[in-house]
Structure formats: C-alpha cells, structure tokens
Amino acid sequence: MAEHERVALAIIALITGMMGFIVSMIAVPAASTALAADALTFVQHSVSAGFALRTSTGFQRPRWTVQLQGIVMMLLGGLVCVIAMRRLLIGSFPDYRAMVVMGIVALFAHFTVCAIMLHSRGQLTSALSLWRFTRPDAVGNIAVIAAAFMVAALGSNVPDLVIGAGMAGLFVLAGWRIAMTGRADAGAR
C-alpha cells in the first residue's frame, strides 16, 4: 500500500473518530437520540478506516473480528433504540440548536472525508467499503438537521426519537449483515 493511501486512511480514521467522540459527548447533554445514533455512524466509519489502515501494514484481520464488529454494531444500535424508548416513555426535550449545529459540523466532516476519498480514489484500494459508509452517513446528518427543525416547529421530541430510532435500527441491520458476512467468510475457510 502506498504511503499516500496510508495517510488518507489515517486522516479519515482521525476525522471520523474525533467526530464520533464529539457528537456522542454533545448528544448526552442535548438529550438527542438522533445525535446519539449519528455518533454511531462516525464510530463505525472510524473503525473501518482503522482496520483498513492496519491491514495496510501487513496485519491480517482475523475473520472473527468481522463478526465481532457486527455484533458490537448491533449492541450499540440496540442501546440507542432502548434510549429512544426510554425517552418516549419518560419524556425529554432535545436541544434542537445543538442538533442543528452538530448536524452541520458532522455533514462538513463527511464532505471532508468524501473529498479525501475522491482525491485518493486512484490509490485508495479500500475506498469502496469506506464509500459505502459515507453516503448514508451524510444522509443521516441531514436527517438530524431535519429532525431538529421539526422538534423546534412542533415543540415535541417525537421527530428526534423517530429519526434516532430509525438510524439506530438501520445500524443494527448493518451490524447483523456484517456479522453474517464474517460468519460466512469464517465458514468458507
């Protein structure tokens, strides 16, 4: 793997890892389920870029780690779904201003990652798997912003809960697919 590809993967892992941490830290005081679900996508993207970077150094990723990654995704997505149910039953009102600001910052971060991948598309052999995460993640950022505007307009936490639970549900589904892929790969060997 070329040095350019390693640098691009390291930058992508750093950007998405930092954004996962920042968004998750803002989601808690903002009481936003949509932001919590959005943080998961950044974490997943960072883990994938990190594994791609690690394999560039000759590290062979054991097949069971693919299954573990999928299982962890399912657990984290399920946790966000439980948080959404709890907030529906107990009640909470998300800070829509924080949701808008973080949604815009997250969207900018995803555009930056896309720009890095497009700039490195000739050299970045692992771009396909990263690209699969980036497009729906950007849509998720737009959904967080839309949920914030609906929360402000309706004066209700329901849009935040619906968007957050929906994103978390998709995250659980993606985790299940990854776990099954890892299982099939392990069985084929």
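Where a number appears in this text, it was derived from the coordinates with a stated rule and is not lab data. Owing to the predicted nature of the structure, the values given are computational and were not obtained by experimental measurement. Every residue, glycine as well, gets a Cβ built from its backbone with ideal geometry; the counts of neighbours run over all protein chains shown.
Hey, can you grab everything whose amide H is under 5 Å from the amide H of residue 156? Only 5+ residues off in sequence or another chain; H modelled, so Pro and N-termini drop out.
none
Would you kindly derive the ³J(HN,Hα) couplings of the stretch 38-44 from the backbone phi angles with the Karplus curve 6.51 cos²θ - 1.76 cosθ + 1.60 (θ = phi - 60°), listing them in order in whole Hz, with x for Gly and Pro?
5, 4, 4, 5, 5, 4, 4
Would you list 32, 120 from fewest to most Cβ contacts within 10 Å? Present the calculation step by step, with values, prior to reporting the outcome.
Working: 32 33, 120 19.
With the fewest neighbours first, 32, 120 line up as 120, 32.
Given a Förster radius of 22 Å and the C-beta distance between residue 118 and residue 149 as r, what FRET efficiency does 1/(1 + (r/R0)^6) yield to the nearest 0.05? Display every interim value, and only then the final one.
Values: r = 29 Å, r/R0 = 1.33.
With a Förster radius of 22 Å, E is 0.15.
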